[in-house]
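The values are calculated or read from the model by the stated rules, or taken from the named source; none is laboratory data. All of these numbers come straight from a predicted model, not from anything done at the bench. Every residue, glycine among them, receives a Cβ derived from its backbone with ideal geometry; neighbour counts consider all protein chains shown. What goes into the accessible areas is simple: the full protein's heavy atoms, side chains included, and nothing from ligands, DNA or RNA. Shrake-Rupley method; radii C 1.70, N 1.55, O 1.52, S 1.80 Å.
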Amino acid sequence: MIIFLQELSMQLFLWMLQLVDGVIDLFSAISGVSTVNYGGNEVNIVETAVNDPTVTSVFWCILVLSVGLVCIFTIVAIVQNMITSKRNTSAIVGKFFLALLGTIAVLLVVVLGILIANELLQLVADIFKLNTSTKLSTAIFNACVGEWNDGFSAADFDIDSVSVSDILGDYKTTLGIWPKSWKNNGMINPSSFYYFPSLIAGVALTIAMIIAVVNMAKRLFEIVYCYLVMPVAMSTLPLDDGARFKNWREMFVSKIILAFGTVLSVNVFTLLLPIITNMKISGMGSFGNALFLIALIIGGAMVIPAGQTMFARLFGQADDMHAGGGFLRSAYYGGRIVGGATVGLAFKGVKGAVHLGSKAVHRKKNGGDSSDGDDNTYTDESGGSAGSTESTETTESTESTDTGGTE
């Protein structure tokens, strides 16, 4: 039974490692570190999204609209200044021309900034590639291996081709059916592998990487959004002296450099993982050291989405950096609400059905009682009529006696 559980745990762990490597590839493509295929060409996803002909056409339409907005805001600012006299009219007109010319200048800066940021991001990712042959899945697996068998090491582990039997080897059986013990002819010693810590580490790392990918996907749309609304932010320059453009500038810069925090956190985690796997607490057993390893791996995994938050705080935009946790919390509570609503509707449906059924039974029962009641009523009415006739006759005789006595 224990051997079956070990094989099941190992298979689940391998599936999670494959998922982690797949999410890492998604992360590299969405963040702009690696290229994606678009129209048969290998391109950068952020640059392609901004420079797409359709997006460019929409941008120029918004730019033409912003010219009209600049004129309207300038007129509003001049009229407002005629009432309050707090500003100089020539300064307002100067901001009008600055908004028109500054939009083109900011457009060039935006495009150039995206190009430079992508190149720097790829450079940062290349700096941390000290050993390009080591995958994150290999490092995680090596961290959970207690003892490699002779002739095997982490370099022999390939998540794409290895199987559970290759790793754990064969086992001895009783009567050719029931597993008895391991033959110890696989890549590792099955008895020394940290099965439970590996599952916890795999789940934590998978969740952290999914949050990072979601944040990077959100960043892509936010960059395009900021790029399209830039002329509108510039058009308010004559009215508010650039207050709204300042907010746009801070938001755009934070979205551009957001990927650096995530890329750094992922690479720092990968860089330190081989180091922490060789750390052990003296005088503590294997289970205690396994818990020690779990704490370090989970802590490092939590740094991956936290790296975005730390970078955002440096640029004053940390309030919107709860995309991963907020999204999952919203999904969790949303699921609870939907589940509760579903259960509530089902309960009300069942309750309504029971109520209708009991009401139908009650009506049927009352129908039978009312038939009996009608017969009784008819009998009572007949008896009542006879009794009333006798009473009338008695009353008449009494009145005639009274009349005769009076006379």
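Considering only protein heavy atoms and a 1.4 Å probe, what is the carbon-and-sulfur percentage of the accessible area of region 161-259? Let's see the in-between values first.
Numbers: 2770 of 4310 Å².
C and S atoms contribute 64 percent here.
Work from the charge dipole of region 41-156 (Cβ charges, +1 for Lys and Arg, -1 for Asp and Glu, about the Cα centre) and give the residue of 80, 151, 103 farthest towards its positive end.
Result: 80.
Between residue 55 and residue 90, what is the label-to-label distance in nm when each label sits 7 Å out along the Cα-to-Cβ direction?
Distance between label points: 4.3 nm.
I need the calculated FRET efficiency for the pair residue 286 and residue 78, taking r as the beta carbon distance and R₀ as 60 Å, to the nearest 0.05. Numbers along the way, then the final one.
Numbers: r = 78 Å, r/R0 = 1.31.
With R0 = 60 Å, the Cβ-Cβ based efficiency is 0.15.
Mind ranking 39-46, 114-121 by how tightly packed they are, going by the mean number of other C-beta atoms within 10 angstrom, highest first? Working shown, then result.
On the way: 39-46: 13.5, 114-121: 16.9.
Descending mean neighbour count gives 114-121, 39-46.
Accessible surface of residue 109 in the full protein assembly, 1.4 angstrom probe, to the nearest 10 Å²?
Using a 1.4 Å probe on the heavy atoms, I get roughly 100 Å².
Under a 5 Å amide H to amide H cut-off, with H placed in plane at 1.01 Å, what residues pair with residue 188 once short-range neighbours are removed?
149
Specify the inter-centroid distance of region 264-292 and region 37-66, based on alpha-carbon positions, in whole Å.
45
Rank 174, 54 by accessible area, highest first, at a 1.4 Å probe radius? Before the final figure, lay out each step's value.
Values: 174 60, 54 95 Å².
Result, largest first: 54, 174.
7 Å from Cα along Cα→Cβ at both residue 154 and residue 250: what's the point-to-point distance in nm?
4.3
Kindly report the accessible area of region 132-215 per residue (heavy atoms of protein chains, probe 1.4 Å, no ligands, DNA or RNA), in Å².
Working: 4030 Å² over 84 residues.
I get 48 Å² per residue for this part.
Carbon and sulfur: what percent of region 1-106's accessible surface (1.4 Å probe)? Write down the numbers at each step before the final one.
Details: 4400 of 5970 Å².
Carbon with sulfur: 74 percent of the solvent-accessible area.
Once the piece of chain linking residue 164 and residue 276 is laid out straight, how much longer is it, given 0.36 nm per residue of separation minus the C-alpha distance between them? The partial results should precede the final answer.
On the way: separation 112, 0.36 × 112 = 40.32 nm, distance 2.53 nm.
So the chain would gain 37.8 nm between residue 164 and residue 276.
What do you reckon, how do 87, 313, 219 stack up by accessible area (1.4 Å probe), largest on top?
Working: 87 70, 313 160, 219 5 Å².
Greatest to least solvent exposure: 313, 87, 219.
Determine the sum of side-chain charges near residue 59: Lys and Arg each +1, Asp and Glu each -1, restricted to other residues whose C-beta is under 15 angstrom from that of residue 59. If you can, show how the numbers build up before the last one.
Numbers: positive: none; negative: 47, 52.
Taking every other residue near residue 59 into account, the sum is -2.
With a 1.4 Å probe and all protein chains left in place, how much accessible area per residue does region 1-82 have, in Å²? Before the final figure, lay out each step's value.
On the way: 4390 Å² over 82 residues.
Accessible surface, normalised per residue, equals 54 Å².
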